[in-house]
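Have a look at the structure below, then the notes.
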Amino acid sequence: MSNGTHYEVLARKYRPQSFSELAGQEHVSRTLQNAIDSGRVAHAFLFTGARGVGKTSTARIMAKTLNCERGVTHEPCNVCPQCIEITKGTSTDVFEIDGASNNGVDDVRDLRDNIKYLPSHSRYRIIIIDEVHMLSTNAFNALLKTLEEPPEHVKFIFATTEPHKLPVTILSRCQRFDFKRVTLPKIIARLREIAGKESVTVSDASLALIARKGDGSMRDSLTAFDQVLAFCGNSVNDEDVATLLGTIDRRLLADISAAVFGGDTQGALAGIKQVDLVGYNMRQFCQELIEHFRNLLVIRSVKKPEEILDLAAAELEELQKQSLHISALDVQRRLTLLIKAESEMAYASFPRLIVEMALLKATLLAPLVPIQELIEKIKTLETAAVHTPALPWDATRTTPTPLTPQPEQRSTMPTAPAQPTSSAPAAVAVASTPAPAGGQGGDWSRFVAFVNGKDRQLGSILEHGSPLKQESGVIEIGFPAGSYYLTAAQDDEFIADVQTLACSFSGGNTAIRVKSIESGFADAPLSLAEKKKSDTEQHLAELKQEAINHPVIKEAERVFGCSISDVREL
């Protein structure tokens, strides 16, 4: 400015002048070029998307393409008078209107009257209305008829950041193109290209900070780049960029997160102090820290994080290095704390304290042992136990409590030796119960196991019944008089279900009979539940006797003056 020349900002100087120069909107460029090549150009277009992503630039490129003196082609020549006039905004056949300042019905009526005339020296009269959602309702109504049936020499191109505010009648008359936010790598690539043309020395880290400041807007990123160049000149320093743009240095985020995962409370709080010293907004910092942890979580959770994250290649590489020694669960637990802290900061009087507390909690979180690791440790212990002599019981040393064996009261028939209880499923345990004398106990236990496998509720009732008779074609079951099990077994539906299973088990028709037996009835064999209880009591008695006679226990009783009161199988 000192030499009297006019300075053109980067956003205008490097505005796209052809479809090939549009960054991040390839889907729009390809569709419009195909429509031009095939002669299927609509009379009205609607370009929607965030600010600074290329909507108005695309409208001008489209206008140049349709009016280029070299013919309708998918790329304008940018050298003919028509292209130059449209680029400069001086074309008499291309009207670029601001919808915010020309939003009245009278403005639209004047426009409607003017487009009746043929273009002065172009193929088409092209009407570009920016921020079209700002038009009034009456203005939209005045535009409807013309928009539906415009003259053949007229093309409408609308641009808006808020398409939801347009009437449905307008939307239905336009071909809609949604412009995407420009990705960070594409913005960085464009900034690098411009830096080369402007002979500016700048690092990729600084370009990433500038691009992130644009938040997906190419124009905002170029505006931020302009600001940086005005401050730094042609040699850009990373620290100056962070200070000027008011952004947190990514290295500080990495240092704080490393302190959190390393359990370094001193480092975590020192990082917060540094953020506070530069006067950065604590809530904004917390949000950036959340974004940083979110990036780590994605990297640890997916195989191709570059397809998910909007990061520069150098940033992605640094995050991948940091995430090598942490798990997705570790990141997720800390991310939850930060999200909660951020929500609490909206109404907090001490935002720094909230961030510090959240980081301290995150730093001091006790590590979780993965389930698979615990399972492996248990397997290792079980393997060691097989080869190491160990007591099969746990003796509690308190006041002695006599343990009196309970003899069988309802059966005079001998039983097989008791087996130690196991953690096997109930059906298997029942099936392995020794059979009473008479040859029927084995069949009965197998039948109950079969029923358990089909219907656990039926099997649990049968386990409390005594097999009074089990012959070909009939099974007679006795239940204690007045018991719940007798009432349940006498139900018609229960009998029918058990009979069906009995037929399936035996392969022939089998009748089920339920009888009531008095307590202490000597001829009735023990039910499976009673047999299991008796075996368990006998087994515990044997274990207690073994514990009492064990030399280690005897020595402990002598030294500590204690005695066994209970025995539990390990």
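The values are calculated or read from the model by the stated rules, or taken from the named source; none is laboratory data. Please read all numbers here as calculations on a predicted model, not as lab measurements. Don't worry about glycine lacking a Cβ; one is built from the backbone with ideal geometry, like all the others, and counts go over all protein chains shown.
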Between residues in the stretch 75-89 that are more than 20 Å from V28 (Cα to Cα) and modelled with pLDDT of 90 or more and residues that are exposed (fewer than 10 other Cβ atoms within 10 Å of the Cβ) and small (G, A, S), which pairs lie under 8 Å by C-beta distance while being six or more apart or on different chains? none
Determine which member of the set D240, D220 is under 21 Å from A195 (Cα atoms) and either in contact (Cβ under 8 Å) with a residue 40 or more places away in the chain or among the basic types (K, R) (or both). D220
Going through the stretch 171-185 in order, the residues found to be surrounded by 17 or more Cβ atoms within 10 Å (Cβ to Cβ) and assigned to a helix (DSSP H, G or I) are L184, P185
Is the stretch 132-144 home to any residue that is touching a Lys or Arg at 6+ places or on another chain (Cβ under 9 Å), outside any loop (DSSP other than H, G, I, E, B), closer than 19 Å to Q17 by Cα and modelled with pLDDT of 85 or more? no
Where in the stretch 47-119 are there helices (runs of 4 or more DSSP H), lying wholly inside it, with at least 3 residues that are under 45 Å from the mean Cα position of the chain (by Cα)? 55-67
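For (1) aliphatic (A, V, I, L, M); (2) in the same structural domain as V228 (by TED's automatic domain parsing); (3) surrounded by fewer than 18 Cβ atoms within 10 Å (Cβ to Cβ), each residue gets a yes or a no:
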residue	(1), (2), (3)
S18	no, no, yes
A23	yes, no, yes
E26	no, no, yes
S29	no, no, no
N34	no, no, yes
G39	no, no, yes
A42	yes, no, yes
F47	no, no, no
Inside the stretch 147-169, the number of residues satisfying the requirement of being assigned to a helix (DSSP H, G or I) and touching a residue at least 40 places away in the same chain (Cβ under 8 Å) is 2
One residue is enough: does the stretch 186-207 have a residue meeting the conditions surrounded by 22 or more Cβ atoms within 10 Å (Cβ to Cβ), small (G, A, S) and not assigned by TED's automatic domain parsing to the domain that holds D310? yes
For residues in the stretch 139-170 being under 30 Å from K213 (Cα atoms) and polar (S, T, N, Q), which is surrounded by the most Cβ atoms within 10 Å (Cβ to Cβ)? T160
Among residues of the stretch 120-169, those that are within 30 Å of S217 (Cβ to Cβ) and over 48 Å from the mean Cα position of the chain (by Cα), counted: 1
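Condition check ((1) more than 50 Å from the chain's Cα centre (by Cα); (2) at pLDDT 85 or above; (3) of a type outside the set (S, T, Y); (4) on the phi < 0 side of the Ramachandran plot) across all residues:
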{"position": "T433", "(1), (2), (3), (4)": "no, no, no, yes"}
{"position": "G441", "(1), (2), (3), (4)": "yes, no, yes, yes"}
{"position": "F447", "(1), (2), (3), (4)": "no, yes, yes, yes"}
{"position": "G478", "(1), (2), (3), (4)": "yes, yes, yes, yes"}
{"position": "S527", "(1), (2), (3), (4)": "yes, no, no, yes"}
Can you pull out the strands (runs of 3 or more DSSP E) entirely within the stretch 456-570 that have at least 1 residues that are in contact with a His (Cβ under 9 Å, 6 or more places away or on another chain)? 474-480, 563-569
Elements of type helices (runs of 4 or more DSSP H) contained in the stretch 246-364, each with 3 or more residues being at pLDDT 90 or above, out of contact with any strand residue (DSSP E or B) (no Cβ under 9 Å at 6 or more places or on another chain) and surrounded by 15 or more Cβ atoms within 10 Å (Cβ to Cβ): 250-261, 265-277, 282-301, 328-344, 351-363
